[in-house]
Amino acid sequence: MIRHRPHGSGHPYAETEDQRVPAEPLAGEAVELRVRASAKVTSVVCEWHEEGAQPLMLELAPAGPGRADGGGPDGGHLAAAQARAARAAAGSWSVRTGKLEAGKRYRYRFLATLEDGGSRTTQWFETTAAVWQATGGKLHGERVVPGSVRWLVAADGVRRVRFEMKLGDTAHVVGFGERFDAVDQRGRELDAVVFEQYKAQGEHGRTYLPMPFALVVDGRDTWGFHVVTSRRTWYAIGATIRVEAEVGPEAELTVSTYTGAPAEVLDAFLEDAGRPGELPEWVFKLWASGNEWNTQQRVMAEMDLHREHDIPVGALVIEAWSDESTFTAFRGAEYEPSEEPHRYADYTFPADGPWPDPKGMVDELHERDIKVLLWQIPLQKMRPHPRHQAAVDARQLAERGYGVKEADGRPYRNRGWWFPLALMPDLSAEEVRAWWTAKRRYLVEEVGVDGFKTDGGEHAWGHDLRYADGRSGAEGNGLFPVHYARAFGDLLRRYGKAPVTFSRAGFTGSQPHGAFWAGDEDSTWQAFRNSIRAGITASACGIVYWGWDLAGFSGEAPSAELYLRAAGASCFMPIMQYHSEFNHHRTPSQDRTPWNVAGRTGDQRVLPVFRALAKMRERLVPYLAEEARKAVGGGAPLMRGLFFDHPDDPAVWRYPLQFKLGDALLVAPVTEPDTWEIPIYLPEGAWVDVWTGTRLTGGQEVTLPALLAHPPVLCAAERWPELAEVFSA
């Protein structure tokens, strides 16, 4: 009948029609109190109690339309999300209070009158106004500007701390996890909270994979800092680095600082955050994927086309394999529901079904030297109402208390747009990780799959959620994707496989857990540029195995030029993979396979150029494996901005999309259409154009041809004798 949630849905960037705004007011601010009410409600009043004053009865007015998403699209996963949010504004009521005073407590509740003369009353809610002051908690850290520390203190405790760190006039600041909007964050404001933006991340400054860590490069004075917290943090990078951070009941925060060369700073941070592990060489081969490859016949047909077109492929990600109610059973399989994990023999696969022989398919792919990854999501779907095995799984999750919980102990129901109201296993608990992954054990142990695409991970919304490890949502939500990838990595290791997970969400501590991709993007030149920035910034935070959906996965198929430019850049990134979004099997196909792009565009260059790039990628694998080994051993990242090796060269910042791939290769992606030559900055040293063998002297800008088949790449001269063969075939 009537609902009020003081903090709304927990969406970090949008307000809802049933919350308090602001949720945590400052002294001197009025608050807007919003409720959602059914159509049967004819009036709503708020009984408002101010400490030391007479109660007030505040009459709420119906809210106007168009306010439900906080003023604009929030990037929810489903296309209809914004429309639903607008509809949700109907039945919203609100009232503004007077200005709140520091130190006072306020209590309030709502009373609704119904059209039949009845009434409804909510529970009591409380709030208190906070004020910024010089004392309140303990901050541990160096480089803090004297006198800059302030604590946000309310009657119920300390909420946040704010401080500044010294920053030189010529310093550049890189990091904060994977960032799509810029490599150097100087002059920008940002925050660190795990969020599924779903495309256009660069426009909104949001990210799946944030970290409260940054590298400060100021000539030879390079240092880094890590705000040691899993709670939300905010940053303004200007004359100083202004940091604001939520704090817990202990009202204490530590900021670790590190000094040295960029690689040394990163190495010191990884000593605290967790070190990446070495993955097998096959991860450096071409990965193939398409969301519409939802039958065994279609999967094998696409792999046959790879062979027919002589385009080598090393890994296949099958997204649409499961029944999508359990994410454990192949779609179309016949089996009895069970309280215990299934074995392969428990399933019958009809010959005319979508997956008549999953193990035979995987065995054949392995004979072709193709590894197989299956898609996962860390939720138990509850829409439609679960039946068969999904009902068993949902019941076990609820009865055993295995789910993330609301503050009142009820199971948390996903508040995001994707798989709404799904239950969420609490993967912070070892027991739950073991239970969740045991249901997938047969896929590894018997079917023989080689990894999992650990999609999602951003579904925990709410500061007051409860986790089994004792954390609240405020400090545990960001760690959920870390536990998620870890769980599947452990499953793979348990049965003799390398822990190859492919995640988009993460946080500090994700570095040891598999590979990552940049999430969902359209096929545009802007998304191409954004994704390169994402790779450079993620690597600066210790993510070694990283890639993106080359040329984007969504929207209209890319032009031939965009596709080949993206393939040329991806050929020189840690993970090279293509993928496409589900398009309801409409024609023309939106697959990002090279043959489909060739057919869609009519461009005869696509297949031969892509083939040549894929074959060159195969020849690069030994080099990539060697350089990755150095990176995980404490060296500079595999993919890295030029500032890592040349921190005292100010010219490198004028070319933020150039990057190194290992110690030897310098890559200059072509990210604008109709570009057939490109200015490239060569840092100090001697370089060789890998396509012509021409030697070039560093410390200057040069203009080089930018052919589709020959993306601009330079090799350090001392490494050229060992790598020349890679580029000569």
- Item | Filter result (more than 15 Å from Pro312 (Cα to Cα) and polar (S, T, N, Q)) within segment 571-585 | Ser580, Asn583
- Query: Of all residues in segment 466-490 being of a type in the set (A, V, I, L, M) and surrounded by fewer than 24 Cβ atoms within 10 Å (Cβ to Cβ), which is nearest to Phe180 (Cα to Cα)?
  - Reply: Leu479
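Could you identify the single residue in Asp346, Asp323, Asp357 that is in contact with a Phe, Trp or Tyr (Cβ under 8 Å, 6 or more places away or on another chain) and at pLDDT below 95?
Details: Asp346 fails: at pLDDT below 95; Asp357 fails: at pLDDT below 95.
Answer to the selection: Asp323.
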- Flagged pairs (Cβ under 6 angstrom, 6 or more apart or on separate chains; first in segment 578-599, assigned by TED's automatic domain parsing to the domain that holds Arg611; second buried (at least 20 other Cβ atoms within 10 Å of the Cβ) and of a type in the set (Val, Ile, Thr)) are Pro594/Val606; Val597/Val606; Ala598/Val606
- Query: Can you name the condition, by its number, that Tyr235 falls short on among (1) over 24 Å from the mean Cα position of the chain (by Cα); (2) modelled with pLDDT of 95 or more?
  - Reply: (1)
- Message: Can you tell me which of (1) out of contact with any Phe, Trp or Tyr (no Cβ under 9 Å at 6 or more places or on another chain); (2) of a type outside the set (Lys, Arg); (3) crowded, with 16+ Cβ neighbours inside 10 Å is the one Glu278 doesn't meet?
- Response: (3)
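Consider Ala333 carefully, then state whether it is among the aliphatic types (A, V, I, L, M), out of contact with any Leu (no Cβ under 7 Å at 6 or more places or on another chain) and either at positive phi or surrounded by fewer than 14 Cβ atoms within 10 Å (Cβ to Cβ) (or both). Break it down into steps so the answer makes sense when it comes.
Working: among the aliphatic types (A, V, I, L, M): yes; out of contact with any Leu (no Cβ under 7 Å at 6 or more places or on another chain): yes; either at positive phi or surrounded by fewer than 14 Cβ atoms within 10 Å (Cβ to Cβ) (or both): no.
Judged against the criteria, Ala333 is not a match.
Among the residues of segment 208-242, which ones are aliphatic (A, V, I, L, M) and in contact with a strand residue (DSSP E or B) (Cβ under 6 Å, 6 or more places away or on another chain)? Show your work before the answer.
Going residue by residue through segment 208-242, those that are aliphatic (A, V, I, L, M) are 209, 211, 214-217, 227-228, 236-237, 239, 241.
Result: Leu209, Met211, Ala214, Leu215, Val216, Val217, Val227, Val228, Ala236, Ile237, Ile241.
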- Note on the structure: Filtering segment 649-673 for residues that are surrounded by fewer than 19 Cβ atoms within 10 Å (Cβ to Cβ) and in contact with a Cys (Cβ under 6 Å, 6 or more places away or on another chain) leaves a count of 0
- For Val174, the lone unmet condition from (1) at pLDDT 95 or above; (2) over 25 Å from Phe528 (Cα atoms) is (2)
- Matching residues in segment 516-536 (assigned to a helix (DSSP H, G or I) and either in contact with a strand residue (DSSP E or B) (Cβ under 6 Å, 6 or more places away or on another chain) or free of Cβ contacts under 8 Å to residues at least 12 places away in the same chain (or both)) number 2
- Task: Would you check which residues across segment 682-709 are assigned to a strand (DSSP E or B) and crowded, with 19+ Cβ neighbours inside 10 Å and list them?
- Result: Leu682, Trp687, Val688, Asp689, Leu704
- Any idea which residue in segment 340-355 is farthest from Val392 (Cα to Cα), counting only those that are in contact with a helix residue (DSSP H, G or I) (Cβ under 6 Å, 6 or more places away or on another chain) and surrounded by fewer than 20 Cβ atoms within 10 Å (Cβ to Cβ)? Tyr344
- Query: Could you list, in sequence order, the residues of segment 243-254 that are within 24 Å of the chain's Cα centre (by Cα) and assigned to a strand (DSSP E or B)?
  - Reply: Val243, Glu244, Ala245, Glu246
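Report, by residue number, each residue of segment 595-633 that is in contact with a His (Cβ under 7 Å, 6 or more places away or on another chain) and closer than 14 Å to Met576 by Cβ.
Filtering segment 595-633 for residues in contact with a His (Cβ under 7 Å, 6 or more places away or on another chain) gives 595, 607, 611.
Across segment 595-633, the qualifying residue is only Arg611.
Return the only residue of Leu373, Leu421 being on the phi > 0 side of the Ramachandran plot and in contact with a strand residue (DSSP E or B) (Cβ under 6 Å, 6 or more places away or on another chain). So that I can check it myself, show each step before the final result.
Values: Leu373 fails: on the phi > 0 side of the Ramachandran plot.
Matching residue, one of Leu373, Leu421: Leu421.
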- Which of the residues that make up segment 111-167 are surrounded by fewer than 12 Cβ atoms within 10 Å (Cβ to Cβ), at pLDDT below 95 and aliphatic (A, V, I, L, M)? none
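Tally time: how many residues in segment 233-242 are among the hydroxyl-bearing types (Ser, Thr, Tyr) and part of a strand (DSSP E or B)?
Of all residues in segment 233-242, those among the hydroxyl-bearing types (Ser, Thr, Tyr) come to 233, 235, 240.
Remaining after also requiring part of a strand (DSSP E or B): 233, 235.
Final tally of qualifying residues: 2.
Being within 30 Å of Asp490 (Cα to Cα), of a type in the set (D, E, K, R) and outside the structural domain of Glu142 (by TED's automatic domain parsing) is the requirement here; does Glu264 meet it?
Working: within 30 Å of Asp490 (Cα to Cα): yes; of a type in the set (D, E, K, R): yes; outside the structural domain of Glu142 (by TED's automatic domain parsing): no.
Criteria not met by Glu264.
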- Message: Let me spell it out: the conditions are (1) among the charged types (D, E, K, R); (2) under 21 Å from Glu196 (Cα atoms); (3) touching a Leu at 6+ places or on another chain (Cβ under 8 Å), and Asp464 meets all of them except one. Which number is the exception?
- Response: (3)
- Query: Taking strands (runs of 3 or more DSSP E) that fall entirely within segment 619-674, which contain at least 3 residues that are farther than 23 Å from Trp223 by Cβ?
  - Reply: 665-667
- Note on the structure: Over segment 153-180, the set of residues touching a residue at least 60 places away in the same chain (Cβ under 8 Å) and under 30 Å from Pro25 (Cβ atoms) is Ala154, Gly157, Val158, Arg159, Arg160, Val161, Arg162, Phe163, Glu164, Met165, Phe176, Gly177
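Looking at this structure, is Glu399 modelled with pLDDT of 95 or more, touching a helix residue (DSSP H, G or I) at 6+ places or on another chain (Cβ under 9 Å), of a type outside the set (A, V, I, L, M) and surrounded by fewer than 18 Cβ atoms within 10 Å (Cβ to Cβ)? Spell out the reasoning first.
Numbers: modelled with pLDDT of 95 or more: yes; touching a helix residue (DSSP H, G or I) at 6+ places or on another chain (Cβ under 9 Å): no; of a type outside the set (A, V, I, L, M): yes; surrounded by fewer than 18 Cβ atoms within 10 Å (Cβ to Cβ): yes.
In short, no.
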- Condition set buried (at least 21 other Cβ atoms within 10 Å of the Cβ) and of a type in the set (A, V, I, L, M), scope segment 191-219, selection farthest from Leu657 (Cα to Cα): answer is Val194
- Any idea which of (1) surrounded by 24 or more Cβ atoms within 10 Å (Cβ to Cβ); (2) assigned to a helix (DSSP H, G or I) is the one Ser580 doesn't satisfy? (2)
- Hey, Leu373 hits all of (1) closer than 18 Å to Ser325 by Cα; (2) buried (at least 16 other Cβ atoms within 10 Å of the Cβ); (3) not polar (S, T, N, Q) but one; which does it fall short on? (1)
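The values are calculated or read from the model by the stated rules, or taken from the named source; none is laboratory data. What you see is a predicted model, and the numbers here were worked out from it, not measured in a lab. All Cβ positions, even for glycine, are placed from backbone atoms using ideal geometry, and neighbour counts span all protein chains on display.
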